[in-house]
1. For the range 33-43, check the following and say yes or no: at least one residue is outside any helix (DSSP H, G or I) and in contact with a helix residue (DSSP H, G or I) (Cβ under 9 Å, 6 or more places away or on another chain).
2. Under the condition of being among the small types (Gly, Ala, Ser) and open to solvent by 70 Å² or more (accessible area, probe 1.4 Å), which residue from the range 7-43 is nearest to the chain's Cα centre (by Cα)?
3. Taking the condition charged (D, E, K, R), modelled with pLDDT of 85 or more and open to solvent by less than 100 Å² (accessible area, probe 1.4 Å), does residue 46 pass?
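The values are calculated or read from the model by the stated rules, or taken from the named source; none is laboratory data. Here the structure is a predicted model, which means the values were calculated and not measured. For neighbour counting, all protein chains shown are included, and Cβ atoms are generated from backbone atoms with ideal geometry for every residue, glycine included. Surface accessibility is based on the protein's heavy atoms, side chains included, excluding ligands, DNA and RNA. Shrake-Rupley method; radii C 1.70, N 1.55, O 1.52, S 1.80 Å.
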Amino acid sequence: MPQRRAGRLYDALPGPKELVGFSAAEGAHLHCGPMGRARFEQRVFDWPAARLASGPPVRG
């Protein structure tokens, strides 16, 4: 997804979020970043894991 479209999607999403870029050095220079899948998956799954580890949000 081109950076411009990624930014539009990011802006449309509600709630906590983080826009993370991937570099050619990480294997993201080809369509869908096939050489950087492990790095992609690490970032994708670490994000919710870090939020879930702190427990549910406190409502007050």
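1. Yes, that holds for at least one residue.
2. This residue is 38.
3. The answer is yes for residue 46.
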